[in-house]
Amino acid sequence: MLPRDVISSGPLILRPPVEGDAQGIVETCDDPVTAWFLPLLPSPYRMEDTRDYFAHAAAKWEGGGAEFAIVENGRYSGSVGVRPPDPWNVAEIGYMVAPWARGKGVASRAVRAVTDWLFDHGIRRVELQAAVENVASLRVAYKCGFREEGRKREAKSMRDGRYADLVAFARLKGDAVEAAEPYLPFFEDGWLSDGVVRLEPLAVEDAADFHRMVTEPSVAAYFVGPPSTMEDDERRCRYTGYWWMSGQRIEVAIRDAGSGAFAGHVQLTQVAPVLGQAMIGYSLVPEFRGKGFMTRAVDLLVEWAFANTALHRIVAGTEAGNTASHRVLERAGFRREGVHRELFPKPGGGRADDVAWARLRPS
């Protein structure tokens, strides 16, 4: 059984919840973000619902787990809960943060403090799960030294009844906690723009436009792999934050800077930190072609990558017959490096050559 300790971590105090936390708990649990990712909470969340929370917290302590209120400057700022350890000394941790405490590192500081406290009290392994769309929670896991161990498909029902994928993390006692910055940081302002095009992370609201684009015959003709369904493309949009946060890839919507209309898509994928290399790919909807949008978007993303990541080479592969794509790369400063013969499979059993391109970090 875990002791009912009080943990101090910088400006934070973590202690068992008390009746004086009730108003803060109500405001936190009734917040739309909290409600979305914790669909089992009553909605709306009322003061009388805190009775169940306090009873649940007491039962958790009695059962061998833990429930901490996060307190900053005397104010309730969130909660960290620990399920009772199993026979192998494995515990699972979860957390929520009050709206007024977000964006200040409160969750990562609290989760790391409780995790270290668990190790001090004999826990061998601490597990954590986060919805693939919950970028803030994913960030906490990575910052606290948890290692990703896989994804659980459709493991949790969301508030709208849709089942979401979960990312599974764990940290073992003795694991080093690396303080390295993400290999692929998010855009500082959430977007990039040159006044004509605007680049923003691909969002689920873009799924219909994205699907319409990739199934348009002139785009689909150069698509490698089986055709995607609307469900596939919606899932792709939902994974954007997770892929970005985990350093796997960047998926960006290209928008008309004036109207905000969806114009296309550009991505950095096949990210290889050991090589300092990533591959760029892109598509544009027909109504925005011939306006220089794609050249601007590619150049904007590559310039950002060289200024904000350790990438040294951005490469591209284009089908030999895709002369429009060749012109985009030439105008965006890429140089042709060679040909991979018969790389791309084509319908009917044929294959097409791949023209390889690269742009290097300025010396």
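The values are calculated or read from the model by the stated rules, or taken from the named source; none is laboratory data. Predicted model only: the values in this text are computed from it and were never measured. Here Cβ is always computed from backbone atoms with ideal geometry, including for glycine, and neighbour counts include all displayed protein chains. Heavy atoms of the whole protein, side chains included, go into the accessibility calculation; ligands, DNA and RNA do not. Shrake-Rupley method; radii C 1.70, N 1.55, O 1.52, S 1.80 Å.
The table for this structure:
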read-out: Close pairs from segment 342-363: first more than 12 Å from residue 313 (Cα to Cα), partner surrounded by fewer than 11 Cβ atoms within 10 Å (Cβ to Cβ), Cβ under 6 Å, at least 6 apart; value: 353/341; 356/338
read-out: Failed criterion for residue 33 (all others in (1) in contact with a helix residue (DSSP H, G or I) (Cβ under 9 Å, 6 or more places away or on another chain); (2) of a type in the set (A, V, I, L, M); (3) surrounded by 16 or more Cβ atoms within 10 Å (Cβ to Cβ); (4) closer than 27 Å to residue 243 by Cα hold); value: (3)
read-out: Failed item in (1) within 28 Å of residue 305 (Cβ to Cβ); (2) under 14 Å from the mean Cα position of the chain (by Cα); (3) open to solvent by less than 60 Å² (accessible area, probe 1.4 Å), with residue 168 passing the rest; value: (1)
read-out: Selection count where residues are within 24 Å of residue 118 (Cβ to Cβ) and hydroxyl-bearing (Ser, Thr, Tyr), scope segment 11-67; value: 3
read-out: Pairs, first among the aliphatic types (A, V, I, L, M) in segment 211-240, second open to solvent by 50 Å² or more (accessible area, probe 1.4 Å), C-beta under 7 Å, six or more apart; value: 214/223; 220/227
read-out: Residues satisfying the stated conditions in segment 119-130, i.e. open to solvent by 10 Å² or more (accessible area, probe 1.4 Å) and under 22 Å from residue 235 (Cα atoms); value: 129
read-out: Within segment 304-341, tally of residues that are touching a residue at least 40 places away in the same chain (Cβ under 8 Å) and assigned to a loop (DSSP other than H, G, I, E, B); value: 5
read-out: Residue 301, sole failed condition from (1) assigned to a strand (DSSP E or B); (2) hydrophobic (A, V, I, L, M, F, W, C); (3) open to solvent by less than 30 Å² (accessible area, probe 1.4 Å); value: (1)
read-out: Flag if residue 333 is surrounded by fewer than 18 Cβ atoms within 10 Å (Cβ to Cβ), under 31 Å from the mean Cα position of the chain (by Cα) and among the small types (Gly, Ala, Ser); value: yes
read-out: Scope segment 141-164; condition outside any loop (DSSP other than H, G, I, E, B) and not basic (Lys, Arg); matching residues; value: 141, 142, 148, 149, 150, 154, 155, 157, 163, 164
read-out: Extreme residue, surrounded by the fewest Cβ atoms within 10 Å (Cβ to Cβ), among residues of segment 175-195 that are touching a residue at least 12 places away in the same chain (Cβ under 8 Å) and within 21 Å of residue 129 (Cα to Cα); value: 176
read-out: Near pairs, Cβ below 6 angstrom, 6+ apart or cross-chain, from segment 275-295 (under 12 Å from residue 253 (Cβ atoms)) to any residue that is at pLDDT below 95; value: 283/219
read-out: Single residue of segment 97-118 satisfying the filter (in contact (Cβ under 8 Å) with a residue 40 or more places away in the chain and open to solvent by less than 10 Å² (accessible area, probe 1.4 Å)) that is farthest from residue 31 (Cα to Cα); value: 118
read-out: Single residue of 98, 110, 58, 35 found to be farther than 20 Å from residue 131 by Cβ and not aromatic (Phe, Trp, Tyr); value: 58
read-out: Residue within segment 39-60 that is open to solvent by less than 20 Å² (accessible area, probe 1.4 Å) and touching a strand residue (DSSP E or B) at 6+ places or on another chain (Cβ under 8 Å) present; value: yes
read-out: Hits in segment 278-298 - residues which are surrounded by 14 or more Cβ atoms within 10 Å (Cβ to Cβ) and assigned to a helix (DSSP H, G or I); value: 288, 293, 294, 295, 296, 297, 298
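Residues checked against (1) touching a residue at least 40 places away in the same chain (Cβ under 8 Å); (2) basic (Lys, Arg); (3) farther than 29 Å from residue 163 by Cα:
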residue	(1), (2), (3)
17	yes, no, yes
37	yes, no, no
56	no, no, no
59	no, no, no
66	yes, no, no
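For every residue, the table says whether it meets (1) out of contact with any Phe, Trp or Tyr (no Cβ under 8 Å at 6 or more places or on another chain); (2) more than 19 Å from residue 246 (Cα to Cα).
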position	(1), (2)
98	no, yes
117	yes, yes
133	no, no
137	no, no
